[in-house]
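One structure below.
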Amino acid sequence: MKKIKAEIPNIITLINLLCGCLGILAIFKGDGMTASLMIGLAAVADFFDGFAARLLKVTSPLGKELDSLADMVSFGVLPGFILYDLLEQDIEHLSANFNFSVSYFALLIPLFSAYRLAKFNIDTRQSDSFIGVPTPTNAMFVASFYPILNAYEGIEMIENILLNDYFLIGYCLIMSYLLISELPLIALKFKTFAINENLYRYILIGGAVVLGIAFQYLAIPMVLVLYILLSVIQTLAHNK
């Protein structure tokens, strides 16, 4: 029974990995909405595997390594493939100006996600906060693109942004840097629930709820921007 209990978090982690694999298959079939959904389900599994490990008191080095491998697929490879697919949809005018397909810029996301995950595993500073953007955060941002396009189909302003090659390439470059940057970011890890110790966490959660109600899918990229801004403000406040 004890051995079975120890494997529960690992099983949940494998569900995360399965979602990532299914999402990649969905992209191959041209089903971006399902790929985005798989990232969302993988994120839920990613939360609950750690939660289950702490609740059952069965954390292990194996679980940590397995978690990183699953995250690499679900939050590294899959969002990279989504971005590649989006770039391929509107590539003709840019491809004519280059000797290679600029869609390959999307592959920076898996590469820098791998670097970030390896760095995270050996970085002892990231117990109470993150250094650099976490891979699930980037993946959720990318996962919002297809639902936004679907929800606002026919609205040129939205399509002109999310299907714009310069925007997508710029996103790949900026996010690749942010994944491995030394920028301290808020982690939703509560040691206590005191407001003075968790002020920015509460603002982030409250802001996410308000934005979610008001803007639905559009709230996801807005929350990421809010997350980075609050993290910068918190860092500046602590350094005073």
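The values are calculated or read from the model by the stated rules, or taken from the named source; none is laboratory data. None of these values were measured; they are calculated from a predicted model. Positions of Cβ are backbone-derived with ideal geometry, glycine not excepted, and every protein chain shown enters the neighbour counts. Quick note on the areas: whole protein, heavy atoms, side chains included, nothing else; ligands and nucleic acids left out. Shrake-Rupley method; radii C 1.70, N 1.55, O 1.52, S 1.80 Å.
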Treating the angle as unsigned and between 0 and 90°, give the value, to the nearest 10°, between the Cα long axis of helix 108-122 and the longest Cα principal axis of the chain. 10 degrees
About the Cα centre, charge dipole magnitude for the range 38-90 (Lys/Arg +1, Asp/Glu -1 at Cβ), debye: 460 debye
Return one quarter of the surface area of the convex hull spanned by the alpha-carbon atoms of the range 11-61, equal to its mean projected area, in nm². 3.4 nm²
With all protein chains present, calculate the accessible area of S60 using a 1.4 Å probe and round the result to the nearest 10 Å². 50 Å²
Using every alpha carbon pair in the range 195-240, what percent of pairs falls into each 10 Å bin from 0 up to the bin containing the largest distance? 28, 48, 21, 3
Can you give the net charge of the other residues whose Cβ lies under 13 Å from the Cβ of M140, counting K and R as +1 and D and E as -1? -2
The set of residues whose placed amide H lies less than 5 Å from the amide H of L185, leaving out same-chain residues fewer than 5 positions away, is F130, I131, G132
To the nearest 10 degrees, how steep is helix 2-28 against the longest Cα principal axis of the chain, on a 0 to 90 scale? 10 degrees
If you roll a 1.4 Å probe over the heavy atoms of the protein chains, what accessible area per residue do you get for the chain, in Å²? 55 Å²
Whenever you get a sec, compute what percent of the accessible area on the chain sits on carbon and sulfur atoms (1.4 Å probe). 70 percent
Expected 222 nm ellipticity per residue - DSSP helices of 4 or more, -39500 (n - 2.57), all of the chain, to 500: -23500 deg cm²/dmol
Mind checking the angle between helix 78-88 and the chain's longest principal axis? C-alpha axes, 0 to 90 degrees, to the nearest 10. 10 degrees
Per residue and in cubic angstrom, what volume does the convex hull of the Cα atoms of the range 38-188 have? 120 Å³
